[in-house]
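Input: a single structure, listed below in structure tokens.
The values are calculated or read from the model by the stated rules, or taken from the named source; none is laboratory data. Since this is a predicted model, take the numbers as computed values, not measurements. Positions of Cβ are backbone-derived with ideal geometry, glycine not excepted, and every protein chain shown enters the neighbour counts.
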């Protein structure tokens, strides 16, 4: 995040004083000269904390959805912390790809909010999640689980996955290490 202090001749989309965000690396500097094509203009009214997360959360969700499993339209992805910033982006990105999402949340009452974003199924966490999901979806293909919580939550996600599914763990909200048993249908964890 920064403010433009000078503009070279020929640059038309930016002016001195514009607030911008650079989409490339090497941003932890006090001053830098960059091509205008690497910048996005940001409203001076926008919350800096919200703007700051734009380079992290959407990219995290997209990377996990695109790089671990060859997920296809009609497949399902399951995630915990479905109402987190990463979770909300994952819901929207999955929907855009034609992939259905199962979203595990800590408390009830988020169904309407997440469904509005594109969530297909929203469930509150609990002991019987794998059974609830299978009762709802039958033998739907669920090749990918996204885990922000770890601990017993990883075990639950593993129980939801289809044969040879993959759990991608990117968080440790529970404070406990991931748990996954070998009995979980050839599930791998990344």
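Observations on the structure shown:
- Just one of the listed residues (103, 80) is more than 30 Å from residue 3 (Cβ to Cβ) and in contact (Cβ under 8 Å) with a residue 60 or more places away in the chain, and it is 80.
- Evaluation of residue 148 against (1) surrounded by fewer than 20 Cβ atoms within 10 Å (Cβ to Cβ); (2) within 15 Å of the chain's Cα centre (by Cα) (one fails), failing number: (1)
- Residues located in the range 30-40, provided they are part of a helix (DSSP H, G or I), surrounded by 10 or more Cβ atoms within 10 Å (Cβ to Cβ) and out of contact with any strand residue (DSSP E or B) (no Cβ under 7 Å at 6 or more places or on another chain): 36
Listed here are the residues, each with its yes/no results for (1) more than 20 Å from the chain's Cα centre (by Cα); (2) more than 28 Å from residue 144 (Cα to Cα); (3) crowded, with 16+ Cβ neighbours inside 10 Å; (4) in the same structural domain as residue 160 (by TED's automatic domain parsing).
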| residue | (1), (2), (3), (4) |
| --- | --- |
| 11 | yes, yes, no, no |
| 20 | yes, yes, yes, no |
| 28 | yes, yes, no, no |
| 61 | no, no, yes, yes |
| 72 | no, no, no, yes |
| 77 | no, no, yes, yes |
| 89 | no, no, yes, yes |
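- Condition met for residue 98 (exposed (fewer than 14 other Cβ atoms within 10 Å of the Cβ), closer than 21 Å to residue 68 by Cβ and within 19 Å of the chain's Cα centre (by Cα)): yes
- Inspection of the range 122-140 finds a residue satisfying the criterion of being crowded, with 20+ Cβ neighbours inside 10 Å and more than 19 Å from the chain's Cα centre (by Cα).
For every residue, the table says whether it meets (1) in contact with a helix residue (DSSP H, G or I) (Cβ under 7 Å, 6 or more places away or on another chain); (2) within 30 Å of residue 133 (Cβ to Cβ).
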| site | (1), (2) |
| --- | --- |
| 13 | yes, no |
| 17 | no, no |
| 39 | no, no |
| 47 | no, no |
| 63 | no, yes |
| 68 | no, yes |
| 87 | no, yes |
